[in-house]
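Student: Take this structure first; my questions come after.
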Amino acid sequence: MIRPIGHYVVGPRSHGVISYAHSVLDAAIGIGTDHRLLRDRTPHPGRLADAVECGLVHIHVTDKLFGRSPAAAQRNLLSTMASLGRPVSVTFHDVPQPSDGPGLGPRAAFYAAVARQAVGVIVSSHHEAALFAEFVDASIEVQVVPLMFDGARVQKPSLTRELTVGVLGFLYPGKGHLETLHAMADLDPSVGFLALGTPSPGHDHLVDDLGKVAADSGRSCEITGFLTDDELRRRMAEVTVPVAYHRHMSASGSINAWISAGRRPLVPRTAYTLELNARSPGAVAMHPDDNDALRSAVTAAVASPEHTWIDSAVTTSPTAVEVAREYDRLLRRWSA
């Protein structure tokens, strides 16, 4: 008997990892495979009745979803995995890397402990696989399934509104919001800065920081806060220049969102963006990984915004169907 695959999903759907977990599940259901949602609430130990009939339970994991610290997250998640009573596999997001600073060691310990209890591990890029081997545990084999593109491109606005440079995603240090705003120094003050998203918990101060930098240069600064899917797609179409200057990304849902919408974001040349560009040539506009290069790239893109749209001949990979098939293949292989 072929048993269903359970997807144990915890946390708010507004969280990027949770949103992607639902996307993978929806894509698997969409191709006709028997994958089921087990849970969509805050995690706590306790056997799930629906898990008993599953051959395997899959969980999308980042430490912050499961506890206030990596140690707490480790206790919570390992207890939950044990309580499920079925083989458990995981997709790791936000794999530990040196930019974590003092948090690298505790985070690496969390990922290693979870990986050792799992029957299979997936990451979303070869760059993440390399980080996992270097900083977590090289003895554990991981499988790479890149983040999907949904392919639903937005329409170019027929009328040009205010010129804007936009960054997509939660506001937190290192995401590139302040760096992008500083990179607009050569632009006329009439070009506005736009942050499509809301501050991550504990980082509300970035709203004031961005507002002050923009005000000092006489530039408008809008932080949209939470946007519905339809609102987000409209605003992504209206942005003049999309920027993704997150220099320590290991895989990026924000970049994928821009590309899925048909936008060609400015990105720094990193191991991850080189990998993405090799898989989907023409989907991103790369520049050297430094602030001066970003400044030049932003200025050039505002002058020629037509280059911030992906050519219709460009093919992006993988699609949702391709990701669903690969997940189903791996999870069936690990299933009891």
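Student: How are the C-alpha pair distances of the stretch 238-281 spread across 5 Å bins, as whole percents from the shortest bin up?
Tutor: Taking all Cα pairs of the stretch 238-281, the binned fractions are 5, 24, 36, 25, 8, 2 percent.
Student: Okay, next question. Expressed as a whole percentage, what fraction of the accessible surface of the chain belongs to carbon and sulfur atoms when a 1.4 Å probe is rolled over the protein heavy atoms?
Tutor: Reported share for carbon and sulfur atoms: 53 percent.
Student: With a probe of 1.4 Å, find how much accessible area the stretch 121-216 has per residue, and write the answer as a whole number in Å². Working shown, then result.
Tutor: Values: 4560 Å² over 96 residues.
That works out to 48 Å² for each residue.
Student: Name the residues whose placed amide hydrogens come within less than 5 Å of the amide hydrogen of Met286, ignoring near sequence neighbours (fewer than 5 apart) on the same chain.
Tutor: Val267
Student: Tilt of helix 70-83 relative to the longest C-alpha principal axis of the chain, in degrees (0 to 90, nearest 10)?
Tutor: The angle comes out at about 40 degrees.
Student: Between the DSSP loop rule and a limit of at most 12 other Cβ atoms within 10 Å, which chymotrypsin sites (Phe, Trp or Tyr not before Pro) in the stretch 216-288 are left? Kindly include the intermediate steps, with their values, before the conclusion.
Tutor: Working: sites: Phe226, Tyr245, Trp258, Tyr272; in loops: Phe226, Tyr245.
Hits after loop and neighbour filter: Phe226.
Student: What range in the chain is the longest one free of GluC sites (Glu not before Pro) that are in a loop by DSSP and have at most 14 other Cβ atoms within 10 angstrom? Before the final figure, lay out each step's value.
Tutor: Details: sites that count: Glu141, Glu162.
Result, exposed sites excluded: 163-336.
Student: On a C-alpha basis, how far is the centre of the stretch 242-281 from the centre of the stretch 186-200 in Å? Whole number, if you could?
Tutor: Here the answer is 19 Å between Cα centres.
Student: Scan (1) 31.6, 99; (2) 19.1, 59; (3) 20.4, 67 for the value of Rg and Dmax of the Cα atoms in Å calculated from this model and give just the label.
Tutor: Matching the structure shown: (3).
Student: On a 0 to 90° scale, report how tilted helix 104-117 is relative to the longest principal axis of the chain, with both axes built from alpha carbons and the result rounded to the nearest 10.
Tutor: 40 degrees
Student: Moving on. Going by alpha carbons, how many degrees (0 to 90, nearest 10) lie between the helix axis of 291-303 and the longest principal axis of the chain?
Tutor: That helix lies at roughly 70 degrees to the long axis.
Student: Given a 10 angstrom Cα cut-off, can you work out which residue in Gly197, Gly166, Gly32 is the most mobile in a GNM of the chain?
Tutor: Looking only at Gly197, Gly166, Gly32, the largest GNM fluctuation is found for Gly32.
Student: Ok, one more. Within the chain, what's the longest stretch lacking trypsin sites (Lys or Arg not before Pro) that sit in DSSP loops with no more than 13 other Cβ atoms inside 10 Å?
Tutor: Working: sites that count: Arg13, Arg41, Arg47, Arg68, Arg161.
Result, exposed sites excluded: 162-336.
Student: Turning to a different aspect of this structure: Percent relative contact order of the chain, based on C-alpha pairs within less than 8 angstrom and at least six residues apart? The partial results should precede the final answer.
Tutor: On the way: 652 pairs, mean separation 59.1, N = 336.
Contact order relative to length: 18 percent.
Student: By the scheme Lys and Arg +1, Asp and Glu -1, what is the net charge of all other residues having a beta-carbon under 10 Å from that of Leu56?
Tutor: On the way: positive: Arg3, Arg86, Arg332, Arg333; negative: none.
Net local charge, Leu56 excluded: +4.
The values are calculated or read from the model by the stated rules, or taken from the named source; none is laboratory data. If you're wondering where the values come from, they're calculated on a predicted model, not measured in any experiment. So basically every Cβ, Gly included, is an ideal-geometry build from the backbone, and we count neighbours across all protein chains shown. Keep in mind that these areas ignore ligands, DNA and RNA; they rest on the heavy atoms of the full protein, side chains included. Shrake-Rupley method; radii C 1.70, N 1.55, O 1.52, S 1.80 Å.
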